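Asks: The structure under discussion is supplied below as structure tokens; questions concerning it will follow.
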Amino acid sequence: MVGGLFLLAMIGATVFAALAAGDPFQPSETILRSPSRLHPLGTDELGRDILSRILSGAATTLKIAIVPPAVAAAVGTLVGLLAGYYGGLLDEVLLKLMEFTLVVPRFLIALVAAAFFGGHLWLVGLVLAATFWPSTARLVRAETISLREREFVAASRSLGASDGWILSRHLLLLVAPVVAVNSSFQAGQAALIEAGLAFLGVGDRNVVSWGAMLADAQSYLQVGWWTSVFPGIALASMVLALNLLGDGLADTWNVRGREAARG
Amino acid sequence: MRPDSFAVFLLRRLVSGIVLLAMVTAATFVLITAAPGDTAQVLAGQAGADPAYLALIRRRLQLDRPLPYQIAAYLRQSAQGDLGFSVIQGRPVRDAIGGRLLASLLLAGTAFFLAALLGVTLGVIAAHRRGGVVDAAISVISLLAYSLPVFWLGQLLIALFAVRLHWLPAGGMRSADGSGGFGDVVHHLALPAVTLSLLLMALIVRVTRTAMSEALVEDYVSAARAKGASEPRVLIRHALPNALRPVVTVLTGYLGLILTGAVLVETVFVWPGLGRLLYDSVLARDTPVLAGLLLLSATLVVAANILADVLYRALDPRTALR
């Protein structure tokens, strides 16, 4: 649960930054200054305040870490429930689609899409959501198949419950833990992929990204360690927090963790 | 239902794999063609080139043909091993990829070996010391290794070992002074290989630990101990072989990903491999090379999945190869 607390702190800091911090794009004369009272985390090669940029970058990371996995969770749960419960054609199509999305690594799809269409944040988010949901659906499908033959489902049906009732009142709640654990790990992955794209220079240039900060820092490792160390710590702790959250949820609900959720 | 014989099983996997690859290729083409800008524009230079000139280039490269025609032609060619010609590099795609293959295999192979060796060792130790301080320490290490962005880790290693300590070179595969012997390459290989191996190592530690913990409470382990087998012998000869199956699944699952998955690591360390080639081709809109790399990557994933199934059967006496 440490992860969860840290995430809340991050969200708080982001809101605070939006209200109070300096302009993350404002260049100044004081370039590559080491941490001081005026610039607690130093300045970069254009004299921009690194702390302001990290806080502003947190918003970017949080958006990409929260929205695509949430969309994938919604779509994946719906499709997975239906495919697992009814089987048949939908199930067949889902399995083929799963196979298909697993064949080309997600990062490559995102890289090609971002480079060819311009790496707008929403586009990267779209690619992530589109490649995340099938794995969510697969997990939900497997859970649903093992649940649908249970006695409580038969009992509920014999009391006159409709399929819709069984799916929404019983099965949905029972697959929720698997989805939550999976989404946490996907969120960590999403943060890394966004940063990776920005690091390669194909990210969204209109927002501050920790990955882009690290790419800029690459040329100044010798003279300004702070340009690399602080954004890196921010990114690593964000991903760590999300993975800890996933591990914590998995332990709490006794869900098989990362190995099962990977993909 | 009688289980398929091994040959039928393998044939079925191969056929569905090939169908999948054809679909991936088609999808790649659709994606590349849908993007604004094309090879012709990159070749012609800045935007605003003479439309007639652009049309000429497109006709030469057959970019003016309908998409289904292009896809069919590409599939036919690549099935014969011809991946087309890169106008931007001025040589066949096969040569462009072939020229990078060795460097990639060296990096990926080393990273794989390191990850497997360290991952299994640490996983076995953690399971053996389950609940203790050593176990906790190994868990923390693997969680960190799983969460660190590889490109940042690469930067830190460069800053420490190359910039500050001058122990290892910051990038490239050979020294510029032409002393590129075996020792020189190993020198250059160390940092990128360690960086690339960490994520996979973290996964293997977790999988090994779980599988070993399950194996260690089995009856045959108690039996081996009762016979007086030493603890290392119990761990390595009795429990480990039974715990290896999930480890092999994870390893083979990554086999297909690691070549192109090295894009970030190869960029940080300026390693002349396929990942770097892929990145350069994306930026240069070198469509033939890009399509070739995506096809290669997908082929590796499909092949690795088939290999995983075969090994899975081979390692389980109940489904042993016949």
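The values are calculated or read from the model by the stated rules, or taken from the named source; none is laboratory data. Model, not experiment: these values are computed from the prediction. Quick reminder, even Gly has a Cβ in these numbers, built from the backbone with ideal geometry, and neighbours come from all protein chains shown. The area values use the complete protein model at the heavy-atom level, side chains included, leaving out ligands, DNA and RNA. Shrake-Rupley method; radii C 1.70, N 1.55, O 1.52, S 1.80 Å.
Asks: For region A:46-262, what does the equivalent ellipsoid look like in terms of its semi-axes, each the square root of 5 times an eigenvalue of the Cα gyration tensor, given largest first in whole Å? Don't jump to the answer; show the numbers that get you there.
Replies: Numbers: eigenvalues 311, 64, 31 Å².
Calculated on Cα positions only, the semi-axes equal 39, 18, 12 Å.
Asks: List the relative contact order of region A:80-182 as a percent without decimals, with contacts defined as Cα pairs under 8 Å and 6+ residues apart.
Replies: Numbers: 70 pairs, mean separation 37.8, N = 103.
Reported as a whole number, the value is 37 percent.
Asks: Where the accessible area of chain B is counted over protein heavy atoms with a 1.4 Å probe, how much of it, in %, is carbon and sulfur?
Replies: About 65 percent, which is the carbon plus sulfur part of the accessible surface.
Asks: Rounded to the nearest 0.05, what FRET efficiency do residue B:76 and residue A:251 have when you use their Cβ-Cβ distance and R0 = 51 Å? All intermediate terms of the calculation are to be shown ahead of the outcome.
Replies: Values: r = 53 Å, r/R0 = 1.04.
Computed FRET efficiency for residue B:76 and residue A:251 comes out at 0.45.
Asks: Tell me the per residue accessible area of region A:135-263 using a 1.4 Å probe; a whole number in Å² is fine. Walk me through the numbers before you get to the answer.
Replies: Values: 5250 Å² over 129 residues.
Per residue, region A:135-263 has an accessible area of 41 Å².
Asks: Which value, in debye to the nearest 20, gives the size of the charge dipole of chain A about its Cα centre, when Lys and Arg are +1 and Asp and Glu are -1 at the Cβ? Mind dumping the intermediate values first?
Replies: Values: 17 positive and 18 negative charges, 54 e Å.
Result for chain A is approximately 260 debye, rounded to the nearest 20.
Asks: Classify region B:99-315 as rounded, prolate or oblate, taking a ≥ b ≥ c as the square roots of the eigenvalues of its Cα gyration tensor: rounded when a/c is under 1.5, otherwise prolate if a/b is larger than b/c and oblate if not.
Replies: Values: a/c = 2.51, a/b = 1.66, b/c = 1.51.
Note, shape of region B:99-315 comes out prolate.
Asks: Quick one: angle between helix A:106-117 and the longest Cα principal axis of chain A, in degrees between 0 and 90, rounded to 10, please.
Replies: 60
Asks: Also, quick follow-up: Given the Cα-Cα distance of residue A:168 and residue A:25 and 0.36 nm per residue of separation, how much length would full extension add, in nm? Write out the running numbers ahead of the final one.
Replies: Numbers: separation 143, 0.36 × 143 = 51.48 nm, distance 4.71 nm.
Roughly 46.8 nm would be gained on extension.
Asks: Let me ask something additional. Using the charge dipole of chain B (Lys, Arg: +1 at Cβ; Asp, Glu: -1 at Cβ; taken about the Cα centre), state which of B:71, B:128, B:5 has its Cα farthest towards the positive end.
Replies: Of the listed residues, the answer is B:5.
Asks: Could you pull out every whole DSSP H run in chain B that spans at least 24 Å of Cα extent along its own axis and averages -0.5 or higher on the Kyte-Doolittle scale? Could the numbers behind the result be given before it?
Replies: On the way: long enough: B:6-34 (42 Å, 2.06); B:93-128 (50 Å, 1.55); B:182-216 (44 Å, 1.24); B:240-261 (31 Å, 1.18); B:287-315 (41 Å, 1.70).
Span-like helices, by this rule, are B:6-34, B:93-128, B:182-216, B:240-261, B:287-315.
Asks: With θ taken as phi - 60° and the coefficients 6.51, -1.76 and 1.60, list the Karplus ³J(HN,Hα) couplings across region A:149-158 in order, rounded to whole Hz; mark glycine and proline as x.
Replies: Karplus values, whole Hz, x for Gly and Pro: 8, 5, 5, 5, 5, 4, 4, 4, 5, 5.
Asks: How tilted is helix A:88-103 with respect to the longest principal axis of chain A? Cα atoms for both, answer in degrees (0 to 90, nearest 10).
Replies: Long axis of A:88-103 versus the principal axis of chain A: about 30 degrees.
Asks: I would also like to ask the following. Just in region A:126-197: which GluC sites (Glu not before Pro) are loop by DSSP and have at most 13 other Cβ atoms within 10 Å? Could you put the intermediate results ahead of the total?
Replies: Working: sites: A:143, A:149, A:151, A:194; in loops: A:149.
Filter output for region A:126-197: A:149.
Asks: Pairing the Cα long axis of helix A:2-20 with the longest principal axis of chain A, what angle in degrees results, from 0 to 90 and rounded to the nearest 10?
Replies: It is inclined by approximately 50 degrees.
Asks: Sticking with this one: Could you work out, residue by residue across A:104-113, how many beta carbons of other chains sit within 10 Å of that residue's beta carbon, and then give the average as an integer?
Replies: On the way: counts 11, 11, 1, 5, 13, 4, 0, 6, 9, 3.
Taking all residues of A:104-113 together, the mean is 6.
Asks: Right, another one. Given Cα pairs under 8 Å that are at least 6 residues apart, what percent is the relative contact order of chain A? Intermediate values should be presented prior to the final figure.
Replies: On the way: 391 pairs, mean separation 68.7, N = 263.
Contact order relative to length: 26 percent.
Asks: I want to verify a result. In a Gaussian network model of chain B, Cα cutoff 10 Å, which of these has the top mean-square fluctuation: B:161, B:85, B:112?
Replies: Of the options given, B:161 has the highest mean-square fluctuation.
Asks: Treating only the Cβ of Lys, Arg, Asp and Glu as charged (+1, +1, -1, -1), what charge dipole size does the protein assembly as shown show about its Cα centre? Round to the nearest 20 debye.
Replies: On the way: 44 positive and 36 negative charges, 226 e Å.
In debye, rounded to 20, the protein assembly as shown gives about 1080.
Asks: Okay, next question. Determine by what factor the alpha-carbon radius of gyration of the protein assembly as shown differs from 2.2 N^0.38 Å, reporting the quotient.
Replies: 1.03
Asks: When all alpha-carbon pairs of region A:22-173 are counted, what percent fall beyond 26 Å?
Replies: 51
Asks: How much of the accessible area of chain A, probe 1.4 Å, is carbon plus sulfur, in whole percent?
Replies: Carbon and sulfur: 66 percent of the exposed surface of chain A.
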